[in-house]
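Undergrad: Once you've had a glance at the structure underneath, I'll fire off some questions.
The values are calculated or read from the model by the stated rules, or taken from the named source; none is laboratory data. In this text the structure is predicted, and so the values were computed from the model without any measurement. Please note: Cβ atoms are built from the backbone with ideal geometry, for glycine as well, and neighbour counts cover all protein chains shown. What goes into the accessible areas is simple: the full protein's heavy atoms, side chains included, and nothing from ligands, DNA or RNA. Shrake-Rupley method; radii C 1.70, N 1.55, O 1.52, S 1.80 Å.
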Amino acid sequence: MTEGLALDGLSVPLRVLRLLAVDFPHLTAPNVDVSPLYPQVLRLSLHESSCDSFAAFESWRCALRIEPATVDFHTQSDGRTAVLKGCGVYGGADIELTAYATLPADESAFAGAGGAQ
């Protein structure tokens, strides 16, 4: 039987998660994913039910200094879910920041959101 990565192998993203908790305790708590498949990556995701939820994404994007021009906007689930995704580096870990929101019946709420659908 082959042994997998030891917990110490995830020290970079776990250390950064601790740093984020200290530096940004006021920000909306995201879902957190750390995986031995990608041991240098910390994934943060925000799942909300309205387009207003992207405000939490924007707060995290600013805190993590992810450039606005690098943020991708697209839809999924047959156009029913809007997705924002940005990537950066913080404290030595690769950060993937993603937000999901249910699209309103009137998609004009996303006019100028920055990307093709």
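Undergrad: Return the only residue of ARG18, ARG65, ARG43 being open to solvent by 50 Å² or more (accessible area, probe 1.4 Å) and over 14 Å from the mean Cα position of the chain (by Cα).
TA: On the way: ARG65 fails: over 14 Å from the mean Cα position of the chain (by Cα); ARG43 fails: over 14 Å from the mean Cα position of the chain (by Cα).
ARG18 is the lone residue from the list that is open to solvent by 50 Å² or more (accessible area, probe 1.4 Å) and over 14 Å from the mean Cα position of the chain (by Cα).
Undergrad: If you don't mind, another one. Identify, please: which residue in the stretch 68-95 is of a type in the set (Gly, Ala, Ser) and open to solvent by less than 30 Å² (accessible area, probe 1.4 Å) and is, among those, farthest from the chain's Cα centre (by Cα)?
TA: Of everything passing the filter in the stretch 68-95, GLY79 is farthest from the chain's Cα centre (by Cα).
Undergrad: Right, here's the next one. Which residue is modelled with the lowest pLDDT, if the candidates are limited to the stretch 49-68 and must be in contact with a strand residue (DSSP E or B) (Cβ under 7 Å, 6 or more places away or on another chain) and over 18 Å from VAL22 (Cα atoms)? Break it down into steps so the answer makes sense when it comes.
TA: From the stretch 49-68, those in contact with a strand residue (DSSP E or B) (Cβ under 7 Å, 6 or more places away or on another chain) are 49-51, 53-54, 56-57, 60-61, 64-66; that's our starting set.
Now restrict to residues that are over 18 Å from VAL22 (Cα atoms): 49-51, 53-54, 57, 66.
Values: SER49: 57, SER50: 53, CYS51: 50, SER53: 72, PHE54: 87, PHE57: 94, ILE66: 97.
Among residues in the stretch 49-68 that are in contact with a strand residue (DSSP E or B) (Cβ under 7 Å, 6 or more places away or on another chain) and over 18 Å from VAL22 (Cα atoms), the one modelled with the lowest pLDDT is CYS51.
Undergrad: Determine which single condition THR98 fails, assuming it passes every other condition in (1) farther than 18 Å from ASP33 by Cα; (2) open to solvent by less than 40 Å² (accessible area, probe 1.4 Å); (3) among the polar types (S, T, N, Q).
TA: (1)
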